[in-house]
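Read-outs: derived from the displayed coordinates by stated rules, not from any lab. The structure presented is a predicted model; accordingly, all values stated were derived computationally and were not measured. Cβ: placed from backbone, ideal geometry, glycine included. Neighbour counts: every protein chain shown.
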Amino acid sequence: MANKSKSVISVLFNDDDVMLKSIKPIREKGYNIREAYTPFPVHGLDHELGLARTRMAITAFIFGAIGLAVAIALTYYTMISDWPQNIGGKPSFSWGENMPAFVPIMFEMTVFFAAHLMVWTYFVRNGMYPGRKAMNPDPRTTDDMFMLEIEFDGGEDELRQLLKDQGAVEINLVEKAEEESPELEEAHA
Amino acid sequence: MHYESPVREPLITGDKSYHDITVDVAKPIETNAPRSWWIAFSVALIAFLWGIGCILYTIGTGIGTWGLNKTVNWAWDITNFVWWVGIGHAGTLISAVLLLFRQKWRMSINRSAEAMTIFAVVQAALFPLIHMGRPWLAYYVFPIPNQFGSLWVNFNSPLLWDVFAISTYFSVSLVFWYVGLIPDFAMLRDRAINPIQKHIYKILSFGWGGKAKHWQRFEEVSLVLAGLATPLVLSVHTIVSMDFATSVIPGWHTTIFPPYFVAGAIFSGFAMVQTLLIIMRKMFKMEDYITIQHIEMMNIIIMVTGSIVGIAYITELFMAWYSGVEYEQYAFLNRATGPYWWAYWSMMTCNVFSPQFMWFKKLRTSIMFTFIISIVVNIGMWFERFVIIVTSLHRDYLPSSWTMFSPSFVDIGIFIGTIGFFFVLFLLYARSFPVIAQAELKTILKSSGENYKKIQEK
């Protein structure tokens with residue numbers, strides 16, 4: 001574990017709009033908002049926090065293209081190359097000629113790959129798996145409370161005052177900055 | 001910021017806060033089941049067990065236990081299959097198509113509608129499996145190398161397209177549903193007091209914590225899944241209809257089938273959503289979330305799709321006459337006036353005539369009337385598939401082969417069994433899953449909640 005050079009305060013709001021409005025003044029004062037926990041997707045929150053756009057849709061496109069390629073390879077190999085048959089007077093001479101009959105398969109495989117692999121990517125990127133410990137520090141944030149975790153360097157009272165002015169309902173110090181402590185370093189080594 | 005026109009009726013009635021939504025959604029899980037739930041569950045379970053018995057008898061003895069004969073070699077099994085798949089369609093339509101159209105009213109019904117989709121597709125998938133006769137060789141439908149004993153599957157065949165379409169549809173609907181469920185499972189986990197319950201929801205919720213970045217990804221994943229599910233749902237019933245349309249049987253060989261089947265599927269699916277939700281909102285007192293307005297909206301969709309289906313029926317008749325093909329003309333004349341006239345006219349009455357009542361506001365906002373019509377529509381849609389399948393087959397090319405079909409007790413038992421199984425799954429779901437997408441619903445509370453709308457208007 002690296003030494004924590006900054007203290008972290010967690011602040012709870014009971015309204016999404018109040019929380020959203022508080023972000024700008026907090027960030028303008030130079031504090032870093034480490035994380036936000038909300039019970040539902042608050043619109044504009046990612047923008048206020050300055051989060052980059054997610055690339056989930058791009059991954060879906062790539063996976064879909066892979067699915068399409070797999071479907072083409074599968075139909076070509078089984079129907080044309082490995083064991084061509086004359087079914088119902090419709091012989092399998094070339095993939096191009098038979099392609100119209102493969103369109104449903106190509107479509108389904110595209111969707112199958114895009115949807116499933118995107119969802120897997122989503123789980124991996126979020127670090128989610130069955131039985132993982134809850135990521136939200138306070139259980140109320142899946143009900144009706146909105147939490148921000150703010151990093152700061154000293155000046156705790158000043159920050160508390162700012163948050164109170166912004167309408168916070170609860171403020172807790174969750175992590176204290178650690179002094180350079182040689183004993184701890186050794187204990188970890 | 002949260003403005004919505006005062007012309008629009010509130011989607012959440014009563015004086016609700018975010019916390020009230022949490023409590024109301026968690027209530028059916030945290031409290032004991034009402035007596036009505038136990039009665040419904042017992043009835044469904046008995047039907048399900050009866051169905052299992054009939055399925056085991058079929059597998060043990062063979063397909064000969066059904067009422068099939070040499071001429072009518074496809075009857076209730078495929079009728080039930082198409083019926084169940086069709087019912088499934090409304091769930092995807094509500095969750096995907098209405099999401100793309102940004103219809104906020106979908107939010108309190110999409111969870112249950114998607115559950116219905118998944119449970120209906122399970123029932124549908126049972127029928128091809130049982131009809132195989134040797135269900136332990138079911139893996140032959142997947143592309144496996146020749147060394148396994150069969151040749152490669154035939155990718156030219158609509159029946160194989162169906163395998164791919166149904167598997168994709170089922171599995172994609174399942175992940176779509178599950179991705180949406182995770183935040184709500186997390187809500188239940190954080191509320192649970194009973195340690196076993198807490199542990200189960202901990203496993204189910206995948207550690208969800210509602211981080212800002214995760215919500216951002218959640219919304220994009222939902223949107224992309226909706227975008228994928230929309231053409232998927234249309235493709236599924238299109239491909240199901242191709243099982244018939246690509247054959248050369250008069251009455252099946254028509255190009256109108258794909259759109260006609262899709263419209264019929266949405267029609268019957270919405271009717272089933274109505275049946276389930278009207279029971280559920282009463283049983284679990286969800287009237288504040290599933291309002292009369294929701295029911296009215298769905299009734300309008302039933303009316304529109306029912307009319308599309310009606311136009312399709314009439315177009316079919318016209319095309320049969322206009323084609324000048326004697327066999328085609330006979331097939332349709334026989335449907336309406338032959339020995340199965342009663343099935344044809346039941347279909348016409350239930351599907352074309354009955355939804356027209358929904359033009360009247362008084363009727364489409366009546367819960368009792370909606371409930372009755374929803375059942376009538378589902379009976380009608382079952383008859384539609386029966387008419388298409390059995391009446392087209394029972395007059396074979398040689399008049400000496402002409403027969404009738406009568407179901408055996410096993411046919412009936414399996415069908416009743418799937419209805420039982422469906423309700424068993426749905427009732428268990430209603431007691432253990434968050435039946436309303438509460439996280440999503442909270443996003444519209446301030447714009448569409450009754451109390452907030454009143455404040456806006458001031």
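Quick notes on this structure:
- Dividing the summed -39500 (n - 2.57) terms of all DSSP H runs of n ≥ 4 by the residue count of chain A sets its mean residue ellipticity at 222 nm at -15000 deg cm²/dmol.
- With all projection directions averaged, the alpha carbon convex hull of the protein assembly as shown covers 35.3 nm².
- 10 Å binning of all Cα-Cα separations within the stretch A:56-126, expressed as whole percents from 0 upward: 21, 40, 22, 13, 4, 0
- In order along the stretch A:32-43, the Karplus-derived 3J(HN,Hα) couplings, from 6.51 cos²θ - 1.76 cosθ + 1.60 at θ = phi - 60°, round to 9, 8, 6, 7, 10, 10, 9, x, 8, x, 8, 6 Hz, and Gly and Pro are given as x.
- Each principal axis of the Cα atoms in the stretch B:346-386 has its own extent, and those three values, largest first, are 32, 15, 10 angstrom.
- Residues B:Lys70, A:Lys24, arranged from fewest to most other Cβ atoms within 10 angstrom of their Cβ, appear as B:Lys70, A:Lys24.
- Over the C-alpha trace of chain B, radius of gyration and Dmax come out as 23.2, 78 angstrom.
- Here the relative contact order of chain B, from alpha carbon pairs under 8 Å that lie six or more residues apart, stands at 34 percent.
- Residue by residue, the stretch B:44-61 carries 3J(HN,Hα) couplings of 4, 5, 4, 4, 4, 5, 4, x, 4, x, 5, 5, 4, 4, 4, 5, x, 9 Hz when phi is fed to the Karplus relation 6.51 cos²θ - 1.76 cosθ + 1.60 (θ = phi - 60°); x denotes Gly or Pro.
- Among B:229-235, A:95-101, the order from most to least packed when residues are scored by Cβ within 10 Å on average: B:229-235, A:95-101
- Projected onto its three principal axes, the C-alpha set of the stretch B:297-450 covers 67, 37, 25 Å, listed from the longest axis down.
- Isotropically averaged projected area of the stretch B:28-79, using the convex hull of Cα atoms (one quarter of hull area), nm²: 5.4 nm²
- Taken over the Cα atoms of the stretch B:2-52, the convex hull encloses 167 Å³ per residue.
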